[in-house]
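**Student:** My questions will all concern the structure given below.
The values are calculated or read from the model by the stated rules, or taken from the named source; none is laboratory data. All values derive from a computational prediction rather than experimental measurement. Note: ideal-geometry Cβ built from the backbone for every residue, glycine included; neighbour counts use all protein chains shown. Areas reflect the complete protein model, heavy atoms only, side chains present, ligands, DNA and RNA absent. Shrake-Rupley method; radii C 1.70, N 1.55, O 1.52, S 1.80 Å.
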Amino acid sequence: MLETRDILETINMIDNENLDVRTITMGISLLDCMDEDIDKACVKVYDKICRYAQDLVKTGEDIEKEYGIPIINKRISVSPIGMIAAPCQSRNVVKFAHSLDKAAHELGVNFIGGYSALVQKGFSAGDYAVIDSIPEALSVTERVCSSVNIGSTKAGLNMDAVKMMGKIIRESAEKTADRDCIGAAKLVVFCNAPEDNPFMAGAFHGVGEADCVINVGVSGPGVVRAALKKNGAGKSVDEIADMIKKTAFKITRMGQLVAKEASKRLCVPFGIVDLSLAPTPAVGDSVAYILEEMGLESCGCHGTTAALALLNDAVKKGGVMASSHVGGLSGAFIPVSEDAGMIAAAKRGTLDITKLECMTAVCSVGLDMIVVPGDITAETLSAIIADEAAIGMVNSKTTAVRLIPAIGKKAGEELSFGGLLGTGPVMPVRNGDPSVFINRGGRLPAPLQSLKN
Amino acid sequence: MKAVITVVGKDSVGILSKVSSTCSDCSVNIIEVNQSVLRDLFAMLMLVDLGETPIDVLRDKLTEVEKLTNTKIHVMHEDIFNSMHRI
């Protein structure tokens with residue numbers, strides 16, 4: 001028989017500590033939709049997505065009702081459009097973005113990811129056109145998300161792509177300046193991008209994946225914080241790590257249950273559970289608060305990187321046994337604008353972009369949802385991307401950059417995106433001009449640790 | 001399919017009766033009940049077999065009881081607790 005204490009604990013997690021399944025993401029391969037005629041390809045893309053995902057939202061809602069677990073988002077990721085656009089004669093690839101957006105509206109999913117290009121070693125046909133069209137695609141569509149992988153531990157960094165992406169991020173913000181520069185918030189630049197990540201904006205359906213697959217992202221920073229608050233006083237760090245592991249295990253079991261059920265009902269293979277602590281702007285649902293609960297006066301003060309390393313590692317260790325397949329990004333996210341504690345720390349001045357960069361060496365992703373001054377140059381953006389990608393490349397981990405230049409605004413002001421994307425204070429960046437280095441272009445060689453064979 | 005009903009709130013006359021008659025109205029079989037009153041706080045856990053009744057029908061009916069008795073009632077699938085708390 002179930003124990004009363006366990007039952008009440010679960011109900012409390014859902015009711016008061018914001019435990020939820022963050023997303024059920026259906027990955028759909030579009031490799032069979034390629035066509036020389038771009039209009040025909042777009043029709044095939046739209047039809048295939050609508051056919052495969054027609055029951056996705058309803059199934060998600062049914063599971064939510066039946067099990068009483070909130071499932072916040074139902075989303076779709078598709079094969080990188082850079083590949084699908086390769087055979088097309090026309091270079092007007094924004095048509096793909098329109099098809100994806102139309103399908104997302106038709107199906108009722110709030111984001112569709114995969115307007116992407118994988119150029120870690122070089123550009124192939126289609127990649128240039130897609131990257132070049134990202135600012136337009138993100139400004140004329142509402143739900144399409146874009147990502148570009150510019151480096152990997154195996155391939156090194158494609159510095160031509162790094163240079164290009166600084167310009168693309170700036171243009172994406174400029175084109176949507178009237179909407180709080182939202183375009184840039186839907187664009188991620190990756191190093192070592194995972195091919196089965198269910199979280200937006202960086203989700204795409206990798207080339208080695210099955211035709212269709214269900215990936216689930218769990219969350220629950222609020223639950224971890226509550227556990228530490230309740231039992232953490234006076235405990236050593238190894239006891240804290242154990243507490244986080246146990247909590248992560250429970251959270252992930254719930255994700256695994258939902259993933260299996262969704263996969264069964266949709267008759268689609270189960271891919272992975274991504275056991276990430278993904279914060280939301282809701283009070284209490286914050287990764288920064290967990291770090292502060294461990295004993296830091298403010299997120300960003302000295303000690304933050306060590307506390308985050310502990311958290312990231314314990315989440316993985318606890319979660320990995322709870323699920324049959326773990327993948328995606330898995331760890332702790334640190335998106336500034338989506339985390340009430342990070343926003344407060346940034347406003348206080350204890351958290352700056354330099355400290356965030358250090359933190360990305362030990363967290364699961366990278367510089368995420370950071371609003372930077374509107375007068376930032378494309379070269380400086382590229383240099384931030386290069387720094388972040390270098391951390392990922394050398395440490396064999398995923399790093400990402402999602403910066404939002406606040407066009408027309410300066411440090412101290414803020415951008416408000418609404419919903420899960422939150423509100424971000426404009427954070428100053430470092431002085432000095434990196435443009436000569438960035439304009440060199442070429443390919444930054446892969447580190448020795450890539451030679452594992 | 002089995003579900004767990006939890007009722008927590010200030011004790012008053014007829015909470016158990018109202019919840020169990022709602023179950024009976026929905027053709028839901030009560031398998032196990034665990035109830036305690038601590039000072040004036042009422043807490044009850046019920047394991048029920050839903051049979052053919054959809055869980056949201058029972059949940060909607062119990063929402064009315066929730067208002068009537070001024071308590072907090074949850075209805076959740078048994079599997080959630082099993083998967084979270086059992087290895």
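**Student:** Just the residues that are farther than 22 Å from residue A:183 by Cβ and among the hydroxyl-bearing types (Ser, Thr, Tyr), please, taken from the range A:120-167.
**Tutor:** Hits for the range A:120-167 are A:124, A:152, A:153.
**Student:** OK, next. Would a scan of the range A:349-356 turn up a residue that is within 22 Å of residue A:25 (Cα to Cα), assigned by TED's automatic domain parsing to the domain that holds residue A:389 and under 20 Å from the mean Cα position of the chain (by Cα)? Break it down into steps so the answer makes sense when it comes.
**Tutor:** At the first step, the residues of the range A:349-356 found to be within 22 Å of residue A:25 (Cα to Cα) are none.
Looking for residues that are within 22 Å of residue A:25 (Cα to Cα), assigned by TED's automatic domain parsing to the domain that holds residue A:389 and under 20 Å from the mean Cα position of the chain (by Cα), one finds none in the range A:349-356, hence no.
**Student:** Return the residues of the range A:45-56 that are surrounded by fewer than 18 Cβ atoms within 10 Å (Cβ to Cβ) and in a helix (DSSP H, G or I); say none if nothing qualifies. Full working, then the answer.
**Tutor:** Step one: filter the range A:45-56 for residues surrounded by fewer than 18 Cβ atoms within 10 Å (Cβ to Cβ), giving A:47, A:50-51, A:54-55.
If the condition is that a residue be surrounded by fewer than 18 Cβ atoms within 10 Å (Cβ to Cβ) and in a helix (DSSP H, G or I), then A:47, A:50, A:51 are the ones that fit.
**Student:** Determine whether the range A:71-79 contains at least one residue that is open to solvent by 30 Å² or more (accessible area, probe 1.4 Å) and in a strand (DSSP E or B). So that I can check it myself, show each step before the final result.
**Tutor:** Here is the first cut: in the range A:71-79, the residues open to solvent by 30 Å² or more (accessible area, probe 1.4 Å) are A:72.
This time we only want the ones that are in a strand (DSSP E or B), so: A:72.
There is at least one residue in the range A:71-79 that is open to solvent by 30 Å² or more (accessible area, probe 1.4 Å) and in a strand (DSSP E or B).
**Student:** With the checklist (1) open to solvent by 10 Å² or more (accessible area, probe 1.4 Å); (2) closer than 25 Å to residue A:206 by Cα in hand, flag the one item residue A:358 doesn't pass.
**Tutor:** With respect to (1) open to solvent by 10 Å² or more (accessible area, probe 1.4 Å); (2) closer than 25 Å to residue A:206 by Cα, residue A:358 is out only on (2).
**Student:** Look at residue A:246 and say whether it is closer than 14 Å to residue A:20 by Cβ, open to solvent by 20 Å² or more (accessible area, probe 1.4 Å) and of a type in the set (D, E, K, R).
**Tutor:** When the stated conditions are applied, residue A:246 does not pass them.
**Student:** So, one more: In this structure, does residue A:330 turn out to be under 15 Å from the mean Cα position of the chain (by Cα), buried (at least 24 other Cβ atoms within 10 Å of the Cβ) and small (Gly, Ala, Ser)? Before you say what the answer is, go through the steps one by one.
**Tutor:** Details: under 15 Å from the mean Cα position of the chain (by Cα): yes; buried (at least 24 other Cβ atoms within 10 Å of the Cβ): yes; small (Gly, Ala, Ser): yes.
Taking the combined requirement at face value, the residue satisfies it.
**Student:** Would you pick out the residues in the range A:67-83 that are touching an Asp or Glu at 6+ places or on another chain (Cβ under 9 Å) and without any contact (Cβ under 8 Å) to a residue 60 or more places away in the chain?
**Tutor:** A:70, A:74, A:82
**Student:** Taking the options A:217, A:208, A:234, A:183, name whichever one is farther than 30 Å from residue A:161 by Cβ and over 10 Å from the mean Cα position of the chain (by Cα).
**Tutor:** Numbers: A:217 fails: farther than 30 Å from residue A:161 by Cβ; A:208 fails: farther than 30 Å from residue A:161 by Cβ; A:183 fails: farther than 30 Å from residue A:161 by Cβ.
Unique residue meeting the criteria: A:234.
**Student:** Residues of the range A:142-151 being crowded, with 24+ Cβ neighbours inside 10 Å and farther than 15 Å from residue A:164 by Cβ, which ones? Show your work before the answer.
**Tutor:** At the first step, the residues of the range A:142-151 found to be crowded, with 24+ Cβ neighbours inside 10 Å are A:144-151.
Within the range A:142-151, A:144, A:145 meet the criteria.
**Student:** When you go through (1) within 13 Å of chain A (Cβ to nearest Cβ); (2) farther than 23 Å from residue A:257 by Cβ; (3) open to solvent by 80 Å² or more (accessible area, probe 1.4 Å); (4) at pLDDT below 90 one by one for residue B:86, which number turns out not to apply?
**Tutor:** (2)
**Student:** Assuming residue A:65 fulfils every condition listed in (1) open to solvent by 10 Å² or more (accessible area, probe 1.4 Å); (2) more than 9 Å from chain B (Cβ to nearest Cβ); (3) in a helix (DSSP H, G or I) apart from one, which condition is it?
**Tutor:** The single condition residue A:65 does not satisfy is (2).
**Student:** Within the range B:25-82, work out how many residues are in contact (Cβ under 8 Å) with a residue 60 or more places away in the chain, farther than 15 Å from residue A:68 by Cα and either buried (at least 19 other Cβ atoms within 10 Å of the Cβ) or within 14 Å of chain A (Cβ to nearest Cβ) (or both). Working first, answer last.
**Tutor:** Restricting attention to the range B:25-82, the residues satisfying the condition of being in contact (Cβ under 8 Å) with a residue 60 or more places away in the chain are B:69-78, B:81.
Subsequent filtering for residues that are farther than 15 Å from residue A:68 by Cα retains B:69-71.
Cutting the leftovers down to either buried (at least 19 other Cβ atoms within 10 Å of the Cβ) or within 14 Å of chain A (Cβ to nearest Cβ) (or both) gives us B:69, B:71.
Summing the residues that are in contact (Cβ under 8 Å) with a residue 60 or more places away in the chain, farther than 15 Å from residue A:68 by Cα and either buried (at least 19 other Cβ atoms within 10 Å of the Cβ) or within 14 Å of chain A (Cβ to nearest Cβ) (or both) in the range B:25-82 gives 2.
**Student:** Please name all residue pairs, on different chains or six or more residues apart, with Cβ atoms under 7 Å, provided the first residue is in the range A:235-259 and is within 9 Å of chain B (Cβ to nearest Cβ) and basic (Lys, Arg) and the second residue is open to solvent by less than 30 Å² (accessible area, probe 1.4 Å) and not in a helix (DSSP H, G or I).
**Tutor:** Pairs that qualify, where the first residue is within 9 Å of chain B (Cβ to nearest Cβ) and basic (Lys, Arg) and the partner is open to solvent by less than 30 Å² (accessible area, probe 1.4 Å) and not in a helix (DSSP H, G or I), are A:253/A:322.
**Student:** Moving to a separate point now. Can you tell me which residue is farthest from the other protein chains (Cβ to nearest Cβ) among those in the range B:4-22 that are part of a helix (DSSP H, G or I) and surrounded by 13 or more Cβ atoms within 10 Å (Cβ to Cβ)? I'd like the intermediate steps shown before the answer.
**Tutor:** Pass one, the range B:4-22, residues part of a helix (DSSP H, G or I): B:15-22.
Now narrow it down to the ones that are surrounded by 13 or more Cβ atoms within 10 Å (Cβ to Cβ): B:15-16, B:18-20, B:22.
Working: B:15: 17, B:16: 16, B:18: 20, B:19: 16, B:20: 18, B:22: 17 Å.
Filtering the range B:4-22 for residues that are part of a helix (DSSP H, G or I) and surrounded by 13 or more Cβ atoms within 10 Å (Cβ to Cβ), the one farthest from the other protein chains (Cβ to nearest Cβ) comes out as B:18.
**Student:** Looking at the range A:236-259 only, could you name the residues that are under 15 Å from residue A:323 (Cβ atoms) and touching a Lys or Arg at 6+ places or on another chain (Cβ under 8 Å)?
**Tutor:** Listed by number, the residues that qualify are A:245, A:248.
**Student:** Among the residues of the range A:25-38, are any surrounded by fewer than 21 Cβ atoms within 10 Å (Cβ to Cβ), part of a helix (DSSP H, G or I), more than 14 Å from chain B (Cβ to nearest Cβ) and touching a strand residue (DSSP E or B) at 6+ places or on another chain (Cβ under 9 Å)?
**Tutor:** Taking every residue of the range A:25-38 in turn, none turns out to be surrounded by fewer than 21 Cβ atoms within 10 Å (Cβ to Cβ), part of a helix (DSSP H, G or I), more than 14 Å from chain B (Cβ to nearest Cβ) and touching a strand residue (DSSP E or B) at 6+ places or on another chain (Cβ under 9 Å).
**Student:** Could you check residue A:18 against (1) more than 14 Å from chain B (Cβ to nearest Cβ); (2) modelled with pLDDT of 85 or more and say which number it fails?
**Tutor:** Among (1) more than 14 Å from chain B (Cβ to nearest Cβ); (2) modelled with pLDDT of 85 or more, the lone unmet condition for residue A:18 is (2).
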